[in-house]
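Encoded as structure tokens, the structure appears first; notes follow it.
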Amino acid sequence: MAHHNSLGKVLSLTPAVLIFAFLALLPVINLFIVSFHEVSWLGGTKQMDWVGVDNYVAIGDDPLFKAGVFNTIIVVLVATTAQVVIGLALALACSSVGDRSRPFRALIILPLLIPGIVIGAIWRLMYNSEFGIFNLVLNSIGLSGHDWLGSPSTALAAVIVVDVWHWMPFAFLLLLAAVESLPRDVSEAAKIDGATAWQEFRKVTLPLLYPAIFMTFLFRAVMASKIFDEVFLLTGGGPGTSTEVVSFTIFQRYFLQDNAGYGSALSVSIIFVVSVIIVIALNANKSKGLSQ
Amino acid sequence: MNHAVSKRYKRTTTYLIGFLVLAVFTTLAPFVYIAMSSFKTQISLLMGDVAFTPTLMNYDEVLFDRTSDYLQNFTNSVVVTSISTSLVVVIAFFAGYSLFRMRWPTYVVNIFLIWSMAFNLIPSVTLASAWYDLARSVGLNNDYIALILAHTTLHLPMALWLLASFFREIPRELEDAAYVDGASFVTLVRRVVTPLMMPGLMATGILIFVFSWNEFPVALALTNNDTGTVPVAIAKYAQEEEIKYTQMAAASVLSAVPALLVLLFGQRFIVRGLTAGAVK
């Protein structure tokens with residue numbers, strides 16, 4: 001093992017440490033302090049009044065936040081499951097078609113590269129109750145249209161469809177990588193033993209893919225829990241609170257209502273929940289000896 | 001029997017390709033729809049015309065109308081995205097080299113790994129509020145610098161995470177050999193590590209560029225009319241009293257240009273980058 005230049009070693013890490021300290025840690029500590037205050041801006045100067053834990057107590061009575069948590073959980077569960085199922089089906093199809101599927105793969109991942117706001121704009125047009133493509137098609141076959149985003153019964157489902165369409169390709173990519181790295185001899189052995197295609201999938205391929213499916217589900221669930229852009233553009237949380245999600249609640253409380261103290265308390269609570277999840281995950285990892 | 005099997009195999013493959021065609025159609029149809037809308041007049045869109053005479057009016061208004069800030073927004077996005085991406089890639093490269101290839105106490109490495117994980121889990125709206133308060137306190141809100149620094153901080157952990165998997169693939173012997181031959185730290189980084197890391201740096205750079213280009217909540221919080229990025233501009237269309245749908249469509253199509261370029265020229269890197277962080 002060569003003895004490395006320690007000056008180079010320290011200097012290389014310095015910029016990242018500075019960013020971590022001053023742009024990641026410091027703002028979060030500041031957020032924590034603000035969350036115990038009532039903030040007002042008077043002619044460009046910040047006024048902070050200590051209110052103790054009032055902001056945190058208020059979270060329990062916030063109808064918007066309650067709706068946000070409930071809807072976010074639904075989005076995470078439904079959208080993520082749909083993405084994993086469709087992504088897996090496509091990954092298996094691509095892998096068994098082989099090289100001829102290459103152009104399909106490239107096109108399928110396109111939505112991943114497009115801004116979430118633009119995805120929202122596209123679907124806002126398609127969902128439009130007067131001239132959107134869905135209602136045009138329904139009208140042309142003699143059915144009456146529907147206000148997809150405007151009625152509480154379909155708004156959340158409409159948002160979920162957009163999220164599935166936007167992020168399914170990510171599940172597809174991760175699962176395709178997993179499918180392609182499966183050992184071939186196992187499925188060949190199953191074939192020689194006379195297994196039908198379904199048996200082979202059910203008893204051989206699927207069990208081998210469980211870890212990858214779990215990882216993909218986890219990754220997508222984390223991303224889906226942060227959903228913001230599409231909701232902002234499609235519904236703004238409405239009608240009523242039917243598409244309110246956690247990120248949007250924080251945005252409304254902190255920025256739109258300019259309630260920095262309470263908004264910070266919401267943010268700190270989310271960061272706290274996330275930290276608890278990380279600690280649990282790290283411990284689970286350690287006890288399974290998978291920390292490498 | 002062989003004949004029957006191969007016939008069945010062919011039929012299955014046909015079904016599977018049919019399934020893939022359906023998936024690609026579902027993926028592309030919305031893009032075709034918005035592209036078509038961007039060439040329609042507002043009236044033609046409202047009437048739901050299928051056949052229409054394409055017009056460039058929307059693009060003209062989005063880009064050159066005096067009331068439109070879109071060119072400014074586009075320039076802002078180019079500035080913010082390219083500077084923050086360059087910063088992220090350079091800082092992550094050196095930090096990653098130091099962290100993953102040299103001896104640091106475990107807790108130092110862990111702090112960075114936990115930071116990476118935390119920043120991927122926390123909704124960026126919470127960070128936006130944290131940065132907003134800080135930027136406003138020092139008078140940097142609505143300034144490029146605040147958004148550039150915020151995007152750098154937001155994406156640095158992800159870049160570190162991605163580069164880690166690439167650093168692990170470089171054989172240590174090469175560095176040791178160079179060191180034994182008397183190479184200085186600078187020479188080692190320039191002549192040995194950088195060339196080997198090129199695919200990783202490309203994948204990371206392209207991916208971070210796309211993330212930064214697409215990023216919305218933080219840009220919304222830290223900018224105003226003059227410094228707003230493309231996603232902020234498009235969101236503004238949707239918030240107007242009377243939405244100019246066809247112009248929103250044209251602005252959306254223009255905003256997707258970088259993504260299309262990336263897909264054409266950097267698809268290999270994108271796939272590698274997106275899977276590297278998760279699978280390895």
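The values are calculated or read from the model by the stated rules, or taken from the named source; none is laboratory data. The model shown is predicted, which means the values in this text are computed figures rather than measured ones. Heads up, the Cβs are rebuilt from the backbone with ideal geometry, glycines too, and the neighbour counts pull from every protein chain shown.
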### Message
Out of the residues in region B:236-280 meeting the condition of being of a type in the set (A, V, I, L, M) and within 18 Å of B:Leu46 (Cβ to Cβ), tell me which one is surrounded by the fewest Cβ atoms within 10 Å (Cβ to Cβ).
### Response
B:Ile243
### Task
Keeping to region B:70-87, report how many residues are farther than 25 Å from A:Ser12 by Cβ and either in contact with a strand residue (DSSP E or B) (Cβ under 7 Å, 6 or more places away or on another chain) or surrounded by 18 or more Cβ atoms within 10 Å (Cβ to Cβ) (or both).
6
### Query
Of all the residues that make up region B:170-191, how many are in contact with a helix residue (DSSP H, G or I) (Cβ under 8 Å, 6 or more places away or on another chain) and away from chain A (no Cβ under 12 Å)?
2
### Message
Exactly one of these conditions fails for A:Ile119: (1) within 18 Å of B:Met248 (Cα to Cα); (2) facing another protein chain (nearest Cβ under 7 Å). Give me its number.
### Response
(2)
### Query
Among the residues of region B:20-75, how many are within 14 Å of chain A (Cβ to nearest Cβ) and closer than 24 Å to A:Pro111 by Cα?
27
## Note on the structure
Within region B:1-13, the residues that are in a helix (DSSP H, G or I) and more than 10 Å from every other protein chain (Cβ to nearest Cβ) are B:Asn2, B:His3, B:Ala4, B:Val5, B:Ser6, B:Lys7, B:Lys10, B:Arg11
### Query
Take the residues of region A:95-108 that are more than 7 Å from chain B (Cβ to nearest Cβ) and in contact (Cβ under 8 Å) with a residue 40 or more places away in the chain: which is surrounded by the fewest Cβ atoms within 10 Å (Cβ to Cβ)?
A:Ser95
### Query
What is the number of the single condition among (1) surrounded by fewer than 20 Cβ atoms within 10 Å (Cβ to Cβ); (2) free of Cβ contacts under 8 Å to residues at least 60 places away in the same chain; (3) outside the structural domain of A:Gly236 (by TED's automatic domain parsing); (4) in a helix (DSSP H, G or I) that A:Ile19 does not meet?
(1)
#### Entry: Residue within region B:197-213 that is facing another protein chain (nearest Cβ under 9 Å), among the β-branched types (Val, Ile, Thr), farther than 24 Å from A:Gly263 by Cβ and surrounded by 19 or more Cβ atoms within 10 Å (Cβ to Cβ) present
yes
### Task
Taking B:Leu87 as the residue in question, decide whether it is aliphatic (A, V, I, L, M), in the same structural domain as B:Thr246 (by TED's automatic domain parsing) and in contact with a Ser or Thr (Cβ under 9 Å, 6 or more places away or on another chain).
yes
### Residues satisfying the stated conditions in region B:88-112, i.e. farther than 17 Å from B:Glu175 by Cβ, more than 8 Å from chain A (Cβ to nearest Cβ) and surrounded by 18 or more Cβ atoms within 10 Å (Cβ to Cβ)
B:Val88, B:Val89
## Note on the structure
Of the residues in region A:242-266 that are in contact (Cβ under 8 Å) with a residue 40 or more places away in the chain, in a helix (DSSP H, G or I) and aliphatic (A, V, I, L, M), the one that is farthest from the other protein chains (Cβ to nearest Cβ) is A:Ala265
### Query
So which helices (runs of 4 or more DSSP H) are wholly in region A:125-226 and hold at least 3 residues that are farther than 30 Å from B:Glu242 by Cα?
A:152-180, A:184-192, A:206-224
### Message
For region B:265-276, check the following and say yes or no: at least one residue is more than 9 Å from chain A (Cβ to nearest Cβ) and without any contact (Cβ under 8 Å) to a residue 24 or more places away in the chain.
### Response
yes
#### Entry: Conditions (1) at pLDDT 90 or above; (2) farther than 21 Å from B:Ala221 by Cβ; number of the one not met by B:Ser116
(1)
### Task
Quickly run through region A:9-32 and pick out the residues that are within 26 Å of the chain's Cα centre (by Cα) and more than 8 Å from chain B (Cβ to nearest Cβ).
A:Leu25, A:Ile29, A:Phe32
### Top-ranked residue of region A:33-53 - restricted to ones that are under 33 Å from the mean Cα position of the chain (by Cα) and at the interface with another protein chain (Cβ under 9 Å from one of its Cβ atoms), ranked as nearest to B:Ala178 (Cα to Cα)
A:Val34
### Query
In region B:221-277, how many residues are more than 18 Å from B:Asn73 (Cβ to Cβ) and of a type in the set (Gly, Ala, Ser)?
4
